[in-house]
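Worksheet: the structure to be examined is printed underneath.
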Amino acid sequence: MGKQQEYALEIMDVKKSFYENLVLDGVSFELKPGEILGFLGANGAGKSTLMKIITGVYKMDSGMIKINGNQVSGEQISKIRENSVAMVYQEFSLIPSMTVTENLFLGSELKKHGLIDEKRQELEAKNMFKEFGIDINPSVAVEELSIGNQQLVEIVKALMKKPLVLIMDEPTASLANNEINLLFKFMRKLKQNGISIILITHHMQEVLEVCDRVIVLREGKVVMNRITDELCIDTMVEAMVGKAILSKDVLQKKGINNTQRVLLEINNLYWQSKLNNINFKVHYGEVVGIVGLLGSGRTELLKCLYGLLTPTKGTIIFDNKQIEHKLTPEKAIKIGMCYVPENRRKNGIVAIHSVENNMLMSIWNRILNYGIINKKISMQKVYDMVKNIKIKCVNKDQEIRNLSGGNQQKVVFAKGLLINPKLMILDDPTVGVDVEAKESIVKIIREFTNRGSAVLLVSSEFDQLEKICDRILILKEGSVKKELQYGRDCINEITISEAVQLN
Amino acid sequence: MKTKFKNLNREISVLTALVVMTILFGIINPVFIGSDNLTDIINQSTIYGLMGLGMTFVIVSGGIDLSVGSAFALIGVIVSKLSVAGMPPLVVILTGLLIGFLLGAINGILISNMKLQPFIATMGTMSVFRGIAYVLSKGMPILNVPTQFRNTVDGIIAGNIRISIIIFAFFAIIFHVLLKETKFGNYVYAIGGNEESARLSGVKITFNKIMIYGIGMMGTSMAALVQIGKLGTGEASAAQGYELNAIAAVAIGGASMAGGRGGVVGTVLGAILFSALKVGLIVSGVETFYQYIATGLVIVIAAYIEIIQAKLADKKGMKLVKKEKKL
């Protein structure tokens with residue numbers, strides 16, 4: 001590792017453009033050994049480009065990078081970087097069917113007489129875990145671990161080459177609260193061991209909790225570089241977006257009253273051992289939030305409503321009609337529901353297809369002309385949606401994977417809205433999208449319910465729930481443990497999180 | 001306008017390859033570009049072309065069908081028996097198509113209801129269909145298919161145009177419209193692109209997969225009917241390895257084996273290119289053994305071009321993203 005330098009990483013005036021577009025416009029910052037640096041920025045601000053330059057995926061156009069005091073350039077560039085910078089990506093690179101040890105040593109196996117020395121690998125893995133205070137059995141298959149533990153293994157794997165700098169790209173995206181705490185504990189441990197961490201995230205709260213310093217990137221420039229202690233969430237958001245957002249008027253909430261018509265009524269719903277006697281109602285025009293830790297049955301509940309799981313017991317009454325037969329997504333759409341799934345890439349979009357084909361997937365049967373698709377109507381529908389909810393795309397034929405995460409999610413919303421549903425079922429719709437897109441999604445939800453329809457929303461982001469929910473149901477071990485109602489109870493991040501932690 | 005061109009990129013490169021190949025073979029042996037020879041090339045492309053049309057649906061949906069060669073033989077045996085027994089040609093054709101649909105639907109059921117991997121499921125039915133063909137024909141060729149039937153599917157009209165070519169064109173148009181202009185076609189792409197997203201968007205996966213394999217096999221049925229018309233004989237040992245040629249036509253045409261991409265136009269061009277290559281090598285006096293090598297290389301090269309084009313498209317996509325940011 002060499003002797004300790006003042007800075008683990010120095011970035012000086014790095015510039016990068018793709019074609020004629022300047023993506024990084026002279027970025028400079030330093031990272032001290034053992035410092036945790038929060039890295040914020042809206043999608044497209046240049047975060048990933050910068051990280052790719054640091055890890056050596058892209059070449060910079062101009063500027064300088066020093067790692068541990070050594071300038072990295074020319075031939076050794078990749079070698080120095082390889083040995084001192086490690087990156088943990090958002091998507092796991094672990095192979096689920098292989099054991100933890102096998103995953104850790106994949107590609108750099110310890111050998112004995114040409115064969116893999118499993119014993120030594122296992123021992124080293126155990127030592128590694130012990131050193132960082134992690135309680136994971138290295139000989140179990142990765143798929144048997146919780147998501148949180150998989151994330152830790154992923155990080156340990158990155159630490160195998162003993163880097164100076166560890167870059168983490170939204171490591172908390174798929175974690176439950178207790179797992180996030182575990183991760184933060186681990187990060188502090190790494191900090192003590194002198195490893196510097198760059199944490200890329202969309203969650204301001206996390207930044208305040210774990211980071212020493214925060215850098216905000218906007219349009220390829222560092223617009224803020226301050227010690228966390230001086231900061232609050234509003235300052236960071238403002239720096240990211242560049243203007244004060246949150247127009248309070250769209251967020252008008254309605255306390256419900258008993259005279260409102262009931263859209264959805266769930267009675268004594270059970271599903272295997274995950275859902276135990278769930279009862280609640282959703283009224284027309286209402287946004288009902290559902291919170292609960294991972295494993296509380298929140299996803300299962302939504303899946304039962306949308307016909308992805310069949311309830312073992314109980315009744316669902318939708319729009320005054322009891323759902324008699326086995327529900328399927330196709331039938332759910334027919335009676336007026338739509339669903340925005342949790343994992344956009346995996347379940348929400350067809351990445352290689354156009355904006356148009358993604359948006360209209362659920363309603364092709366409604367724009368037919370003697371069995372042939374009516375191109376005029378389909379074009380009009382896409383055009384209207386793009387305009388209404390401000391989707392940034394070049395044209396309707398652009399492949400959706402080339403859109404930013406926020407815009408992809410807007411297309412998924414558009415697909416649902418085009419069904420003309422009475423009820424939108426949303427599973428964590430603001431995960432992994434930037435602040436601006438979050439705001440527009442909140443707006444879409446509000447406008448939708450202002451027209452009389454209802455929304456059932458699962459979210460792990462309590463600040464989002466606070467903003468839009470008329471009512472919040474707290475789910476625990478498969479049943480509704482508590483209900484917070486706007487106008488009756490105080491709804492904010494703290495009360496929600498207290499209710500969730502409640503025993 | 002620009003986007004239309006982009007979507008046709010692959011078709012244009014196959015067409016270019018076809019033209020270049022024609023010119024090259026024409027230089028080596030002028031006979032190659034004689035009108036008789038060119039007609040012959042199209043003629044020879046009808047069988048793999050028709051099979052490829054159906055295979056396009058299957059591959060675009062993210063699947064594969066290895067049983068088409070055996071199904072070809074089985075359908076051939078049945079229709080030649082029916083024809084020899086005196087059934088009118090049109091009824092024979094409709095029956096042949098129906099049987100094809102049913103055989104394909106069996107594959108579809110194995111794959112969608114019973115969740116078998118397409119590769120394994122159709123490898124199983126490949127053997128079963130072949131076996132049934134042998135059982136039905138008792139291993140003997142069915143000879144003397146009536147001329148009336150043969151003329152219906154492969155006769156010559158309007159001077160010197162073979163009916164089989166018209167049938168191929170007709171099927172190509174139907175399959176193209178079905179894939180590009182209908183809800184079903186969009187579902188085929190969606191299922192191939194991301195089955196889970198399609199399911200959550202309300203696409204009936206099971207039903208549509210059965211239809212995909214059923215309709216897909218109708219292309220093979222028509223190919224078998226045309227072949228019987230050409231040869232006048234039905235045989236259980238027919239069409240060995242044809243499934244690979246059908247897949248090759250689709251692959252050369254630019255469909256992605258991972259699903260979600262591809263089209264009928266590409267497949268038609270792919271089938272013609274495949275047949276032009278074969279004829280060209282024969283006309284140029286290349287020995288049969290080398291022909292295998294050459295065709296194999298063409299498939300590999302075509303697949304590689306597909307990869308390069310995808311990369312270029314990605315770059316273009318990136319460019320568009322940056323533009324979007326500026327807007």
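The values are calculated or read from the model by the stated rules, or taken from the named source; none is laboratory data. In this text, all values refer to a predicted model and were calculated from it rather than measured experimentally. All Cβ positions, even for glycine, are placed from backbone atoms using ideal geometry, and neighbour counts span all protein chains on display. Heads up: the accessible areas ignore ligands, DNA and RNA and are worked out on the full protein's heavy atoms, side chains in. Shrake-Rupley method; radii C 1.70, N 1.55, O 1.52, S 1.80 Å.
Some observations on this one:
- For B:Ala236, the conditions (1) under 29 Å from A:Ala351 (Cα atoms); (2) outside any helix (DSSP H, G or I) are fulfilled apart from (1).
- Count - residues of segment A:221-232 that are more than 13 Å from A:Gly41 (Cα to Cα) and surrounded by fewer than 16 Cβ atoms within 10 Å (Cβ to Cβ): 5
- In the set (1) open to solvent by 70 Å² or more (accessible area, probe 1.4 Å); (2) in contact (Cβ under 8 Å) with a residue 12 or more places away in the chain, A:Gly336 fails one condition alone, (1).
- Here A:Arg345 fulfils each of the conditions (1) under 22 Å from the mean Cα position of the chain (by Cα); (2) in a loop (DSSP other than H, G, I, E, B) apart from (2).
- For first residues located in segment A:355-366 and at the interface with another protein chain (Cβ under 7 Å from one of its Cβ atoms), partners that are among the small types (Gly, Ala, Ser) and outside any helix (DSSP H, G or I) and lie 6+ apart or on another chain with Cβ distances below 7 Å form the pairs A:Met361/B:Ser201; A:Ser362/B:Ser201; A:Ser362/B:Gly202.
- Each residue in segment A:145-198 was checked for being more than 21 Å from A:Gly34 (Cα to Cα) and acidic (Asp, Glu), and 1 of them qualify.
- Enumerated helices (runs of 4 or more DSSP H) restricted to segment B:146-217, each holding at least 2 residues that are within 14 Å of another protein chain (Cβ to nearest Cβ) and either of a type in the set (Phe, Trp, Tyr) or out of contact with any Pro (no Cβ under 9 Å at 6 or more places or on another chain) (or both): B:163-181, B:183-193, B:195-200
- Take the conditions (1) touching a Pro at 6+ places or on another chain (Cβ under 8 Å); (2) surrounded by fewer than 17 Cβ atoms within 10 Å (Cβ to Cβ); (3) under 25 Å from A:Thr101 (Cβ atoms); A:Lys189 misses just one of them, which is (1).
- Given (1) open to solvent by 30 Å² or more (accessible area, probe 1.4 Å); (2) closer than 20 Å to A:Leu456 by Cα; (3) touching a strand residue (DSSP E or B) at 6+ places or on another chain (Cβ under 9 Å), number of the condition A:Ile425 does not satisfy: (1)
- Conditions (1) at pLDDT 85 or above; (2) open to solvent by 20 Å² or more (accessible area, probe 1.4 Å); (3) more than 14 Å from A:Met160 (Cβ to Cβ); number of the one not met by A:Glu102: (3)
- Count - residues of segment A:144-169 that are closer than 28 Å to A:Tyr7 by Cβ and outside any helix (DSSP H, G or I): 10
- Selection from segment A:300-331 of residues that are touching a residue at least 24 places away in the same chain (Cβ under 8 Å), within 13 Å of chain B (Cβ to nearest Cβ), in contact with a Phe, Trp or Tyr (Cβ under 8 Å, 6 or more places away or on another chain) and not in a loop (DSSP other than H, G, I, E, B): A:Leu302
- Among the residues of segment A:128-143, the ones that are open to solvent by 80 Å² or more (accessible area, probe 1.4 Å) and not in a loop (DSSP other than H, G, I, E, B) come to 3 in all.
- Scan of segment B:107-125 for residues that are within 17 Å of B:Phe207 (Cβ to Cβ), of a type in the set (A, V, I, L, M, F, W, C) and open to solvent by 80 Å² or more (accessible area, probe 1.4 Å), ordered by number: B:Met114
- Pick from segment A:367-389, criterion without any contact (Cβ under 8 Å) to a residue 24 or more places away in the chain, open to solvent by less than 40 Å² (accessible area, probe 1.4 Å) and not in a loop (DSSP other than H, G, I, E, B), ranking: farthest from the other protein chains (Cβ to nearest Cβ): A:Ser378
- Of all residues making up segment A:266-291, the number that are open to solvent by 10 Å² or more (accessible area, probe 1.4 Å) and of a type outside the set (Ser, Thr, Tyr): 11
- Taking the conditions (1) in contact (Cβ under 8 Å) with a residue 12 or more places away in the chain; (2) surrounded by 15 or more Cβ atoms within 10 Å (Cβ to Cβ); (3) touching a Leu at 6+ places or on another chain (Cβ under 7 Å) in turn, A:Glu483 satisfies each one other than (2).
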